[in-house]
Every structure is written in C-alpha cells, then in structure tokens.
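Novice: Have a look at this one.
The values are calculated or read from the model by the stated rules, or taken from the named source; none is laboratory data. Everything numeric here is computed off the predicted structure, so don't read it as measured data. All Cβ positions, glycine included, derive from the backbone under ideal geometry; neighbour counts span all protein chains shown. Accessible surface areas use protein heavy atoms only, side chains included; no ligands, DNA or RNA. Shrake-Rupley method; radii C 1.70, N 1.55, O 1.52, S 1.80 Å.
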Amino acid sequence: MAVTDPERVRIAVLTPWRTDDPSAWSGIVLPMLRALETVAEVSAISTADVPTAFVDRLAARLSRKRYLWSFGLATSRARGRVASRRVRAADVGVVFAVAASVDVAHLGGSVPVVQYVDAGFEDMRDRYSVFTGLSRLSAAQVRRVGVLAARRTTGYVAASAWAADGLVRSGVDRARVVVAPPGAAILPSGDSPSSGGGPLEVLVVASDWERKGGDRALAAVDAARAAGAEIALTVVGRAPALPDDVRVPGRLTAAELSDEYERADVLLELARANAAGVTLTDAAAHGLPAITTDTGGVPSIIAEGLSGWLVPNEDEAAIARAARLLVALSRGEQSDVSRRSAAAHYAEALDWPRWAEQVVEMCAMVAQEDPR
C-alpha cells in the first residue's frame, strides 16, 4: 500500500528501556529514536519506571526454576495501564513498540501498533541465557504475553529475514512484515585505518561467552596458528580465564570499543545463536570484515564476499572453516573482502536512515488504515 507524507505521522516509540540511557538494549534505543526523529514527529514513551508486580516478584522468589518476572502477566497489566495513559496523552497516530511485547499485551485504546521484533520466544528459548531453564509457569506466561501482544499489533518491523520468517510461521500475514535491519550502536569516529602489516589482528567481542562461541573462537585461532598463521588475539567482554598471549583490555566504553574495531583486521564471532548481532553491525559500520556463523539473523547483516564470511553453525565445521579463513587472511589471500567493501555494504543495506524510512513507511500504512 502506498503511503503519502509519512513525516506527518505522529509516532509514539514505546519501550521498557530508559530512552536516555546510551546502553539501552545493546545501545540501539537512542540511535533508533534519533533516526526516527529525522523523518517523523516522535514521542518517546518509556515504562522503565513501572515497578514489577508484587505477585511476579513473589513467584520468582518461590520458583525452583527461573521465573522471568518482567514477563509476568501481572507486570504486563501494570505496564499496559501506564503505557495506555501515556500514549493517550501523547495524542499520536501509531505506536512503534521496541522490545515492548509486555507493554503491548495489555495496551488499551485503539491506536494501531507496529512492533519491532528481532526474535520470537521459541527461537530464543534455551539458546539465550535469560530464556534458559524457565519454569513451566514462566514459559506459559511469556507465551501468553506474546499471543496477547500479537492480537494488539497491526504491523511488524523485523530485524532480519530470519525474524520475519518466524513471525510468518506464527501466523502473521507476510504483507504485514517489513525486514529492516537496524544500524550500528557504535559508529566510527573517523576513517578506518589500513592494515599496517604484522600479525593478523583478530577481535572477539563476547558478553555471553557460551552463546557467542568464545570457545570456538579460541579453538579456531589455535588451529590457524598451528597451520602457520601469525595472529594477535584480543578478547573484549565477559570471558573465562584466557591464555597469557590473549590481549584482554577489560571493560570498555563505546569510544574505546570503537578503537578496537578500527585497529582489528577481522572480527571473529562463531556464535551458537544470534538474533540480530549488534556487534556485527558495529563492525560493518567500522569497515571491519567478520567471520561468523550462519545462524539466526546473521545473514541479514553479513553479506558473503562483501562484509565477511559465513561458516556452518556446528562446532567442528565452524572451527575448521574459520581457521582456514584466518590462515588465508594472514597470508593476504582473501582480497575479495576488504574494509572498503564492508563499509560500503553497511552504507547500502544497514544504516539508520534506511531503517527509519522503512519503519515510518510501515507506521504510515497502518495509521492510514486506522478507521478512527
């Protein structure tokens, strides 16, 4: 459906994250708001100040297994009531919900809702640590929240083709889903440097060591070194005890992490599960090629032969293929992918202006269809 004057659509960006926190949701909430504000009239609505319902806190305390109180139905009702009042006061034409299914599930009023989705619950369960080992009660409530939120939602913006496929499998009309990978949380401060020779600088960024395949990355580097590659390895994030020859700079600010992206030759991310991959998008924005597993939403971020290489998501195969690529890179044999091609891919397919245009188009479409 064609839209006209999408800039005139008043959008409430609803999120449970603080909208003034630069680190909110892996650092992408603020860039989302700034991007949307360039193409539409935006009101930011946060429910971060709504306390968790007592019954959900009590259930979490009494449960023998993990209970996600922030996804409890009682908390959803409380956040929905507050969100409803704030949306009504904002006088908007559409709600764009960012990581806000809990808020949307019990959102009152008739303002149409567009949800931003990077993964469904079933795709994250037992793959992400926060969704692992849930009690039956908690899992049932998370599912119920999802069902209620879907009933209240008119359109979706999916972070990847994989996320869009998950929505369609759950019953969402494909015509109601647009795929719009987000831009980077950390942008480069200047031009990325060219390689200065010496050993291959390999960067691993892993806040969730097991899921991000930190053990795979170490094994791949060891195998590449055994094959003759000269590699200097840097690991950023939460990691177990590492060998003495691994550089570990510790906790970094966004600016310091940007410097790491600029000094590295390749990002190595052999994740076992990855919904959107903010680290991969950050790397692309810095013109840093990536070796990464073909899993989840990664293929919507990494373009094979332009911004990096996809390897199979199986331990032995991932390690072996990544090691071969590291050896080739150390010898200068992978000239098809460069900092220039990685940066060009980001500018063409992943930057924030493109994302904002797609979001506003979907929001304008559902607002025009609203019979009010």
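Novice: Residues to consider are ALA185, ALA241, ALA226; find the one that is at pLDDT 95 or above, over 18 Å from the mean Cα position of the chain (by Cα) and farther than 22 Å from VAL337 by Cβ. Talk me through it step by step, then tell me what you get.
Specialist: Numbers: ALA185 fails: over 18 Å from the mean Cα position of the chain (by Cα); ALA241 fails: at pLDDT 95 or above.
After applying the criteria, what remains is ALA226.
Novice: To continue, here is another question. Scan (1) farther than 18 Å from SER335 by Cβ; (2) out of contact with any strand residue (DSSP E or B) (no Cβ under 7 Å at 6 or more places or on another chain) for the single condition GLY305 breaks and write down its number.
Specialist: (1)
Novice: Kindly indicate whether ASP244 is over 30 Å from HIS106 (Cβ atoms) and acidic (Asp, Glu).
Specialist: Numbers: over 30 Å from HIS106 (Cβ atoms): yes; acidic (Asp, Glu): yes.
So ASP244 passes the test.
Novice: Among the residues that make up segment 145-159, is at least one of them free of Cβ contacts under 8 Å to residues at least 40 places away in the same chain, within 21 Å of SER76 (Cα to Cα) and basic (Lys, Arg)?
Specialist: So far as segment 145-159 goes, yes, one or more of its residues are free of Cβ contacts under 8 Å to residues at least 40 places away in the same chain, within 21 Å of SER76 (Cα to Cα) and basic (Lys, Arg).
Novice: Now a separate question. Provide a single number: the residues in segment 109-156 that are in contact with a Ser or Thr (Cβ under 6 Å, 6 or more places away or on another chain), among the small types (Gly, Ala, Ser) and open to solvent by 50 Å² or more (accessible area, probe 1.4 Å).
Specialist: 1
Novice: Still on this structure, please answer the following. List every residue pair whose Cβ atoms lie under 7 Å apart, where the two residues are 6 or more positions apart in sequence or sit on different chains, the first residue falls within segment 88-105 and is in contact (Cβ under 8 Å) with a residue 60 or more places away in the chain and surrounded by fewer than 23 Cβ atoms within 10 Å (Cβ to Cβ), and the second residue, located anywhere, is assigned to a helix (DSSP H, G or I) and small (Gly, Ala, Ser).
Specialist: GLY93/ALA367
Novice: Testing ILE231 on (1) touching a residue at least 12 places away in the same chain (Cβ under 8 Å); (2) under 18 Å from SER207 (Cα atoms), one condition comes back false. Which one is that?
Specialist: (2)
Novice: Something else about it: Counting only residues that are on the phi < 0 side of the Ramachandran plot and at pLDDT 95 or above, give me the helices (runs of 4 or more DSSP H) lying completely in segment 1-80 with at least 2 of them. Steps first, answer last, please.
Specialist: Numbers: elements: 24-27, 29-37, 54-62.
Ranges flagged: 29-37, 54-62.
Novice: Checking the condition open to solvent by 20 Å² or more (accessible area, probe 1.4 Å), among the hydroxyl-bearing types (Ser, Thr, Tyr) and either more than 20 Å from GLY277 (Cα to Cα) or modelled with pLDDT of 95 or more (or both), which residue from SER195, SER207 passes?
Specialist: Numbers: SER207 fails: either more than 20 Å from GLY277 (Cα to Cα) or modelled with pLDDT of 95 or more (or both).
Being open to solvent by 20 Å² or more (accessible area, probe 1.4 Å), among the hydroxyl-bearing types (Ser, Thr, Tyr) and either more than 20 Å from GLY277 (Cα to Cα) or modelled with pLDDT of 95 or more (or both) holds for just one of SER195, SER207, which is SER195.
Novice: Could you please let me know if ALA227 is open to solvent by less than 60 Å² (accessible area, probe 1.4 Å) and in contact with a Leu (Cβ under 9 Å, 6 or more places away or on another chain)? Reasoning before the result, please.
Specialist: Details: open to solvent by less than 60 Å² (accessible area, probe 1.4 Å): yes; in contact with a Leu (Cβ under 9 Å, 6 or more places away or on another chain): yes.
Here the answer is yes, as ALA227 does meet what is asked.
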